[in-house]
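Below: one structure, written as structure tokens.
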Amino acid sequence: QVQYVESGGGLVQSGGSLRLSCVASKSRFRRDPMSWYRQSPGKQREWVAHSAIDGTATYGDFVKGRFTISRDNAKNTLYLQMNNLNPDDTAVYYCNTRPANLAAWGQGTQVTVSS
């Protein structure tokens, strides 16, 4: 079973930036379309961004040009560069395939944006 380990979260001020990383435990990563998701307290998990196998990226409407998803298949790693963060971006961020592999959710990485 593939496992994902997310990192890179932290506490930043509004307008700040963070770069999240997600390392997959198996080399099949390069054959998987991958996404970032997030979950805020009291809310359902929502999709944030998607990277197709060829690297083509799509984003949730709320991203509005602030985030960039990328992948390094040689390192089995997915990235999310987040700029111009605001308090509404506060959440635990996860990576997974899309559609998600329900057995593969990791611990996520906490992003907290202060106003």
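The values are calculated or read from the model by the stated rules, or taken from the named source; none is laboratory data. Note that the coordinates shown come from a computational prediction; the quantities given were computed from them, not determined experimentally. Note: ideal-geometry Cβ built from the backbone for every residue, glycine included; neighbour counts use all protein chains shown. Heads up: the accessible areas ignore ligands, DNA and RNA and are worked out on the full protein's heavy atoms, side chains in. Shrake-Rupley method; radii C 1.70, N 1.55, O 1.52, S 1.80 Å.
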Checklist entry - Taking residue 104, is it of a type in the set (Gly, Ala, Ser) and either modelled with pLDDT of 95 or more or over 20 Å from residue 58 (Cβ atoms) (or both)? => result yes
Next on the checklist: Checking the condition out of contact with any Ser or Thr (no Cβ under 6 Å at 6 or more places or on another chain), modelled with pLDDT under 95 and open to solvent by 50 Å² or more (accessible area, probe 1.4 Å), which residue from 42, 55 passes?
Outcome noted: 42
Item to check | Residue in the stretch 26-38 that is modelled with the lowest pLDDT, counting only those that are open to solvent by 60 Å² or more (accessible area, probe 1.4 Å) and either charged (D, E, K, R) or under 16 Å from the mean Cα position of the chain (by Cα) (or both) | outcome: 26
Checklist entry - Are any of the residues in the stretch 108-115 under 12 Å from the mean Cα position of the chain (by Cα), part of a loop (DSSP other than H, G, I, E, B) and surrounded by 15 or more Cβ atoms within 10 Å (Cβ to Cβ)? => result yes
Next on the checklist: I'm checking my understanding of the structure. Among residues of the stretch 48-73 that are farther than 15 Å from residue 38 by Cα and without any contact (Cβ under 8 Å) to a residue 12 or more places away in the chain, which one is farthest from the chain's Cα centre (by Cα)?
Outcome noted: 54
Checklist outcome for this item: Those residues of the stretch 71-88 which are part of a strand (DSSP E or B), closer than 14 Å to residue 23 by Cβ and open to solvent by 30 Å² or more (accessible area, probe 1.4 Å) amount to 71, 72, 79
Checklist entry - How do the pairs read when you match residues in the stretch 95-107 that are touching a residue at least 24 places away in the same chain (Cβ under 8 Å) with residues anywhere that are in a strand (DSSP E or B) and open to solvent by 70 Å² or more (accessible area, probe 1.4 Å), using Cβ under 8 Å and keeping only pairs 6 or more apart or on different chains? => result 106/5; 107/5
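Residues are listed down the side, and each one gets a yes or a no for (1) under 27 Å from residue 1 (Cα atoms); (2) of a type in the set (Lys, Arg):
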site: 14; (1), (2): no, no
site: 51; (1), (2): yes, no
site: 70; (1), (2): yes, no
site: 83; (1), (2): no, no
site: 92; (1), (2): yes, no
site: 98; (1), (2): yes, yes
Item to check | Selection count where residues are open to solvent by 30 Å² or more (accessible area, probe 1.4 Å), in contact (Cβ under 8 Å) with a residue 60 or more places away in the chain and outside any strand (DSSP E or B), scope the stretch 10-25 | outcome: 3
